[in-house]
Ligand code: PLP
């Protein structure tokens, strides 16, 4: 890396990104492109030699060819999925980590990077009001991974190996059973499958509207008991704080009590709503976490850490290390000191990025109070959006807004309309809203109902964007409710 050239090129890239953000509100949020649109415009092979000032010409292609085909996740009008929040220090933290480009797979491979990760995961855990048992200062500990799916995979593997050692070895693999609800993110099933759990041994417990789509402790207990009675081995529960469809919060304390004594590893997937725990008024959503085995959340979703960043805390790090640790490599073994954290043993891969730097910058530069203000602003906007929806009698809010998420649907004038027809109406409404390019929302199907999801959480979203998004929904509702030809 040549310092002089890096400064020159770095300025070009920073200017490019800053210009993008200056104009981000002008792009249609979702691109109107067809599959293959980009591949058709690019050469079939990489250049043999760089063209003169290749970076400048590549940046022109980013502007002219690539940006027209991206979904603008940072647009203040992006309300789909859950946000991937961005901040100046989040982006610059990524740049700093990429610039230093170290590989802290063991403590010895980069002592400061490892120690910063142990410090910053404790900082974040305390800021989120997590129980000490999950933090280094209380005998547990945290690590930074890329995604929640990785957190699930690592913890299932740790639970699996611990359980197999207890119940008689690998021949019991086919008996291991994992539990979740019908609202759990699909990545849990994927992680369980990758960990070798039989697909037939993933118990998906149904939820219902009356209980706000939360996992029922009684139903969980009944499932665990039935499996035990049939000679199977209950292994792992994935509870969710802030489900993807409606941001429902499973009752952690009651769920832990329901499986107590059955040797089930309880993991909490708080990918989205874990961020809300930073506000004292929301910290009750993690009540009962003292009894869980692991907890993960994605600061990239709602805490201003740019993609990607998933924090995972475990109560007994030794279980992770026993399952994922490797000491075959003589170089790594020699380098490792005792009584240090070697993060390669907490994850699937050996190599890793300097994740901690970005999160540390975010926490230092925004402060816990700054992050609370950020979360609260979105919650206020969601309250305002929900009130607008409720004020229009054509719409229904089937579950109360939670955190920054509002789920809603349009109801046909005729009460007797079949659910499938209502669902189709709402599917058309969503498509019409998204086609405008002025707002981008997503959907969920809960309890058989197709609902639109307005997830407010982007760094640039202000109240005016939320009001405009609602106007777009109302206009499009007018058009989908008007019979064709009228
Ligand atoms: N869990 C929940 C509740 C989510 O909402 C999501 C994604 O939105 C995930 C897990 C998957 O997260 P990741 O992409 O980090 O694996």
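Residues are listed down the side, and each one gets a yes or a no for (1) surrounded by fewer than 19 Cβ atoms within 10 Å (Cβ to Cβ); (2) touching a residue at least 40 places away in the same chain (Cβ under 8 Å):
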site: 383; (1), (2): yes, no
site: 386; (1), (2): no, no
site: 392; (1), (2): yes, yes
site: 405; (1), (2): no, yes
site: 408; (1), (2): no, yes
site: 415; (1), (2): yes, no
site: 430; (1), (2): no, no
Assess whether residue 286 counts as being within 18 Å of the chain's Cα centre (by Cα), within 13 Å of the ligand (Cβ to nearest atom) and either in contact (Cβ under 8 Å) with a residue 12 or more places away in the chain or over 30 Å from residue 377 (Cβ atoms) (or both). no
Wholly enclosed helices (runs of 4 or more DSSP H) of segment 80-177 bearing at least 3 residues more than 22 Å from residue 227 (Cβ to Cβ) and within 16 Å of the ligand (Cβ to nearest atom): 148-167
Take residue 220 and tell me if it is under 25 Å from residue 272 (Cβ atoms) and either away from the ligand (no atom under 16 Å from the Cβ) or not in a loop (DSSP other than H, G, I, E, B) (or both). yes
Among 266, 321, the single one that is touching a residue at least 24 places away in the same chain (Cβ under 8 Å), crowded, with 21+ Cβ neighbours inside 10 Å, away from the ligand (no atom under 15 Å from the Cβ) and over 21 Å from residue 376 (Cα atoms) is 266
Would you confirm, using the coordinates I've provided, whether residue 164 is assigned by TED's automatic domain parsing to the domain that holds residue 318 and farther than 29 Å from residue 351 by Cα? no
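Condition check ((1) under 25 Å from residue 1 (Cβ atoms); (2) assigned by TED's automatic domain parsing to the domain that holds residue 12; (3) surrounded by fewer than 16 Cβ atoms within 10 Å (Cβ to Cβ)) across all residues:
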| residue | (1), (2), (3) |
| --- | --- |
| 54 | yes, no, yes |
| 58 | yes, no, yes |
| 98 | yes, no, yes |
| 112 | yes, no, yes |
| 117 | yes, no, no |
| 121 | no, no, no |
| 124 | no, no, no |
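The values are calculated or read from the model by the stated rules, or taken from the named source; none is laboratory data. Because the structure is a prediction, the values reported are computed rather than measured. Glycine gets a Cβ as well: all are built from the backbone with ideal geometry, and neighbour counts include every protein chain shown.
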